Structures are given as structure tokens and as C-alpha cells.
Amino acid sequence: MGNDLVIQALGLTKFYGELLAVDHINFEVKRGEIFGLLGPNGAGKTTTIRMLTGLSKPTEGRASVLGFDIGSEIVKIKRHIGVVPEISNLYDELSAFDNLMFMAQLYGVPRSQRRKRAEELLKIFGLYERKDSPFRALSRGMKRALTIAAGMIHNPKILFLDEPTVGLDVVAARSLRNLIINLRQQGMTIFLTTHYLEEADLLCDRVAIMVKGRIIKTGSPASLKAEVEKESVIEFSFDRDISELLKNLSDRLAGVKVAAVEPNKVRIYGGIRANIYDNVFRFAKDKGIEIQSVNSIKPTLEDAFIKITGLSPTIMAIEKGGRHNVAR
Amino acid sequence: MWRDNLRGIYYIALKDMRTYYLKPPSVSWGIIFPVAWILAFYLRNPRGFEELVPGLIAMTILFSTTAAEAVVINFELRLGSLERLLLAPISLPSVLLGKVLGGAIFGLLMVTVVTTGSVLSLGLHPNIPYLILIVILSLFVFSSLGALLCVLVKEVFEAQTLLNLPRFIMIFLCGVVYPVSAMPKVLQYLAYVMPLTYTVDGLRHAFSATSSTMVFTDALVLMGFFVLFILPAIKLLYKKFE
């Protein structure tokens with residue numbers, strides 16, 4: 001493994017009984033980058049993190065973290081990684097400070113440095129004023145911040161973040177993203193999973209798009225967007241919900257990709273512009289629908305995701321448990 | 001590596017003591033219940049209370065070690081806090097041993113109070129090394145029994161229910177109140193496959209200072225029970241994280 005590669009996965013596979021959760025994935029993470037696994041819920045992102053951090057054994061394949069094998073040298077790996085699970089799982093009964101002190105004890109931070117390190121992290125995360133508050137009394141954003149602080153108590157070389165901003169309000173999510181960028185600037189490698197396309201676009205140096213247990217594309221957000229830029233992307237807004245007429249519209253536009261971004265809004269990828277305008281206007285006239293606006297748009301990572309996966313972006317808005325997330 | 005594991009075991013046990021054990025529900029279940037139970041027998045027959053002391057200590061060991069076991073394992077599994085421990089650079093057996101040690105330390109505190117109180121108030125003269133040997137081994141046996149029964153199930157209430165079954169069967173069959181030898185043959189056989197029988201027996205020998213061979217036999221059997229409980233508990237916990 002090259003010095004620059006801190007994580008390397010080869011054919012990593014996980015079955016839960018009959019269910020194939022992760023399907024022979026291969027990827028590499030470079031030192032100092034923010035690498036994102038992007039995909040809808042149930043894509044296998046969390047299972048991948050669990051395998052890399054020793055919480056779950058791969059059924060097939062292998063992976064190494066910082067040159068150590070995840071099968072035989074997991075304890076060595078754990079000394080150098082910090083993990084922030086999707087659920088903020090510190091101890092309700094302990095104060096913010098005591099939670100960090102316990103983590104410092106568990107990770108073997110030298111006795112003389114524990115207090116200093118815990119206080120330093122509480123200050124960095126803006127929690128110093130609440131250091132004596134029990135974990136259960138903190139707001140959701142504060143709990144998330146403290147969970148990340150706990151993952152960093154031993155100065156890890158790699159930080160694994162599973163859906164870091166899930167459940168946070170817009171302000172807390174924004175401040176957390178800034179913090180992640182700061183950590184990268186300090187030289188930390190960050191491996192994160194997200195189903196928020198904008199988050200991946202904003203934070204990640206490289207993204208692996210994961211769908212149904214497979215990585216179907218890896219690249220920088222810019223390179224993924226560049227694939228779509230070669231083709232035209234036109235967005236049509238209608239005066240009503242056209243969900244039930246979407247198939248009819250697709251049938252009229254053979255050879256191009258039609259995706260509903262909202263119930264009354266579609267994006268059309270590729271094809272000859274004149275033909276697209278002609279067909280869509282004819283469709284609107286036939287169905288008695290009014291076109292409210294037509295925009296030729298600059299592709300986003302969302303457009304690249306739609307083009308690459310063939311999935312509707314609405315699938316990414318579904319939170320675990322089937323809820324739709326609000327605009328962030 | 002072993003230093004990491006020892007450190008992990010120690011700090012997990014300390015954390016559990018702080019967050020779960022030294023709380024009113026655990027203290028009441030671990031000490032008040034056995035004392036109330038034995039007092040009921042004492043009030044019925046105030047003479048010969050000395051004979052009930054080994055049973056009282058055995059019950060305190062049983063109830064205090066398992067008082068918060070369901071919470072420290074099943075509740076943490078459910079909340080994901082147990083995963084947090086497994087993310088630390090320590091082995092999974094060390095995490096479980098930390099949980100078992102927490103129960104054992106709490107049990108030791110409760111037993112120390114009950115034993116000291118009984119010995120001083122009744123003027124008893126137990127063989128201290130034998131007493132310590134049987135108490136320490138029993139604390140680990142019942143704490144690991146609690147851990148095993150907890151990892152067998154998923155929910156806290158399932159674990160509590162499952163723990164109650166052996167606890168109450170053992171109170172009646174293992175010589176806590178009635179001598180095993182006075183029970184029907186079939187129940188005697190049943191008593192000999194239960195660890196509390198050897199705790200009570202060992203404690204009786206420690207208090208009567210009779211046969212050292214019998215104390216060591218009881219100690220050996222208790223060691224066997226510890227291995228019998230802790231190994232499958234570790235295996236089952238591994239299975240939960242496969």
C-alpha cells in the first residue's frame with residue numbers, strides 16, 4: 001500500500017443472512033482527504049464503516065486501514081482512528097466533561113494530558129460552558145458535537161463520520177460542516193457517509209456513489225459533474241403535479257433521461273435541445289398543462305447522481321424510517 | 001495489548017459503578033431485598049440466626065452482582081453505547097469482563113456491609129481467608145451468569161425476566177434457608193448443578209471452620225462455573241457483532 005493511501009478495500013462484501021448488504025466494493029482513501037460514501041439509506045454505507053472500524057466482520061474480501069489488516073490487526077487500527085456513529089451514543093448520566101474523560105481513559109490518553117485535552121475539545125466545540133451538564137441535558141446539536149469530540153479525544157489520524165449532520169438543524173449542520181473542513185485543513189483524513197448530495201458536494205474531495213451495496217462511480221464532485229456538463233440539462237416547471245404523466249412524457253422523449261425533481265418539475269438530461277422543447281411543449285398542449293418556466297441549468301452533483309445512478313433524487317430525501325428530510 | 005485490555009476492564013467497571021450500580025434501585029435490590037428476606041425467616045424463628053448468615057451473604061452476592069446487569073449490557077446494546085466501548089482499542093472479551101468486574105465490585109461493597117454487620121453483631125469468628133476466597137469467586141460467578149443471561153436476549157425486560165428465574169429457583173434449592181440434605185433426592189440433584197449451592201456450602205465451612213478440603217472443592221467448582229458462564233457469554237457477544 002502506498003504511503004498516501006490510508007484506507008484500501010478490495011472486494012469487501014457483507015451478507016446478513018441472505019441479504020447482500022455490501023457487494024464486493026473496491027475503493028481507496030488518500031491521506032488528508034475528505035472521502036465520502038454517498039448513497040440513499042440502505043445502500044450499505046454504514047455497514048462499510050462498521051467493517052472498517054471492527055464492529056462487523058466482512059463475509060468476503062479484505063481491507064486495510066493505515067496499513068493494518070481489518071481482520072487480524074483491528075486493535076492496532078482502533079488506536080489511530082476516531083469513529084462517530086450516526087447515533088450520538090455517549091452516556092446520559094455523565095457530564096460532557098466526564099464523558100470525554102472516560103473516553104480519554106479508555107483510549108489510553110496519558111493521565112497528565114486527559115484533562116487538558118478534554119477541556120481543549122470542549123472549547124473547540126463551543127461546549128465549555130456546558131461542561132458540567134449531563135449528556136442527556138444537551139441539545140441535539142450539542143450532543144452531536146460532543147460525540148465528535150469524543151471521537152477525537154486521542155488525536156486520531158482518521159475520523160470516520162457516519163451521517164454527521166443527520167437530525168441537526170440548518171445552523172448546527174452548517175457549523176459542523178465548517179468544523180469538518182477545519183479538521184481536514186489540520187491534516188486529518190476524514191471518511192464520511194452521507195445521503196445529502198449538497199453535503200457531499202460541499203465537503204468531499206472525492207465521492208464514491210454507492211447504491212444497493214455497490215460502488216458504481218468514484219471521483220471528485222467536479223469530475224462527476226463534468227460528466228453531465230457534456231450534455232444539456234433542461235428543467236421544466238408545470239402548473240400542476242405531473243407524477244402520473246411522467247411515463248407518457250418519457251415515452252415521447254426516447255433516448256434521454258427524464259427525472260422528476262419535484263411533483264411539478266422535471267429535468268431532462270441529454271438529447272437535442274430543439275427536439276426536447278418541441279416534444280415537451282406538445283406534451284403540455286395535449287394534456288392541457290401549462291408550462292410555467294423553462295431553464296437550461298448548470299449541472300449539480302444531484303444531476304450527476306441522477307445521470308449515474310438512474311435514481312430519482314427523492315430517494316435521497318428519504319430518512320431512515322421512511323421520513324422525508326426537510327430542505328437544508 | 002494486555003495493558004490496553006486491563007486498562008479498559010478497569011475503567012469500564014468504574015464507569016458502570018458510577019452510572020448504574022451506585023444508584024438507589026441497584027442498592028435496594030442488591031442489599032435490602034436479601035436482608036428483608038432473611039429477616040422474615042428470623043422473625044419466624046429468632047433462635048439460630050447464625051445459621052442463616054451464610055445464606056444471607058450468598059443471597060446478597062447473588063442479588064447485588066446481577067442487580068444492574070440487564071441495564072449495563074442490554075440497555076447499552078440498545079442505545080449503541082456498548083458499540084462505543086467496542087470502538088476503543090480493547091478486545092471484546094475485555095469489554096465483557098469490564099462489565100462483569102463492575103457487578104463484582106458492587107457485590108463486594110454490598111457483601112462487605114452485610115458480612116461485617118452480621119459478624120460484629122452476632123460475634124461470629126469466620127475463617128477470613130476461606131470467606132474471602134468463596135466470596136470473591138462467587139461474585140465473579142454470578143456476575144458472569146448475569147452477563148450470559150443478558151447477552152442471550154435483546155431487551156432489558158427480557159433479561160430481567162430471565163434473570164429472575166434462576167435467582168428465585170436458587171434461593172429455594174441451594175441451601176440458603178433449608179439445608180440441601182433435607183430436601184427430596186430429586187431436588188438435591190438439581191441443587192448440585194446450581195452454583196449458589198457451592199457458595200452457601202463454602203460459606204458454611206468458612207463460618208464453621210471445619211473442613212478446608214470442602215472449601216477448596218467448592219472453590220474449584222465455582223471456578224468451573226465462572227468458565228462455564230463467561231466463555232459462552234463472550235461467544236454470544238461476538239455473534240451480535242458479526
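FYI, it's all coordinate maths here, none of it is from the lab. From a predicted model like this one, the values you see are computed outputs, not experimental measurements. Positions of Cβ are generated from backbone atoms using ideal geometry, with glycine treated the same way; all protein chains shown enter the neighbour counts.
Some observations on this one:
- Modelled label positions at B:THR210 and A:ARG115, each set 7 Å beyond Cα in the direction of Cβ, lie 5.6 nm from each other.
- Counting only alpha carbon atoms, the long axis of helix A:111-124 and the longest principal axis of chain A meet at about 30°.
- Cross-linked pairs A:LYS212/A:LYS257; A:LYS78/A:LYS123; B:LYS185/B:LYS239: Cα-Cα separations exceed 31 Å for B:LYS185/B:LYS239.
- Ellipticity at 222 nm from helices only: DSSP H runs of n ≥ 4 in chain B, each -39500 (n - 2.57), divided by the residue count, give -24000 deg cm²/dmol.
- Gyration tensor verdict on segment B:171-241 (Cα atoms; rounded if a/c is under 1.5, prolate if a/b is larger than b/c, oblate otherwise): oblate
- Within straight-line reach of A:LYS76, meaning a Cα separation under 17 Å, sit the following lysines at least 8 residues removed in sequence or on another chain: A:LYS57, A:LYS157.
- For the peptide B:77-88, the mean number of other protein chain Cβ atoms found within 10 angstrom of a residue's Cβ is 6.
- Eligible lysines near A:LYS217 by straight Cα distance, threshold 16 Å, same-chain separation 8 or greater: A:LYS45, A:LYS225, A:LYS307
- Nearest 10 degrees, 0 to 90: helix B:53-65 Cα axis against chain B principal axis: 10 degrees
- Ranked by how many other Cβ atoms sit within 10 Å of their own Cβ, fewest first, the residues A:THR13, B:THR65, B:THR19 fall in the order A:THR13, B:THR19, B:THR65.
- Residue-span extension gain [B:ALA40 to B:LEU122] - 0.36 nm each, minus C-alpha spacing: 27.8 nm
- Estimated FRET transfer efficiency when R0 is 51 angstrom, pair A:ALA137-A:ARG273 (beta carbons, to 0.05): 0.30
- Between B:ASN164 and A:ASN248, the simple label model (points 7 Å from Cα in the Cβ direction) yields a spacing of 6.4 nm.
- Separation in nanometres of the label points that stand 7 Å from Cα toward Cβ, at A:ASN41 and B:TYR10: 4.3 nm
- For B:LYS154, the aspartates and glutamates whose Cα comes closer than 15 Å to its Cα, not counting residues fewer than 8 places off in the same chain, are B:GLU69, B:GLU76, B:GLU83.
- Three-way shape label, chain B, alpha-carbon gyration tensor, a/c 1.5: prolate
- Between segment A:22-96 and segment B:90-156, the Cα center-to-center distance that results, in Å: 36 Å
- 10 Å Cβ shell holding at most 12 others, DSSP loop, GluC sites (Glu not before Pro): longest site-free stretch of chain A: A:19-289
- Helix B:92-122 axis versus longest C-alpha principal axis of chain B: approximately 20°, rounded to the nearest ten.
- Efficiency of FRET from Cβ geometry, A:GLU198 and B:VAL227, R₀ 45 Å, rounded to 0.05: 0.25
- Sum of side-chain charges, A:GLY67 neighbourhood, beta-carbon under 15 Å (Lys, Arg +1; Asp, Glu -1): +3
- Helical content alone sets the calculated 222 nm signal of chain A at -10500 deg cm²/dmol, taking -39,500 (n - 2.57) per DSSP H segment of four or more residues and averaging over every residue.
- Between B:SER28 and B:LYS240, the FRET efficiency from the beta-carbon distance, with R0 = 25 Å, is close to 0.25.
- Mean Cβ neighbour count within 10 Å, used as a protection proxy, ranking A:47-57, B:75-85 highest first: A:47-57, B:75-85
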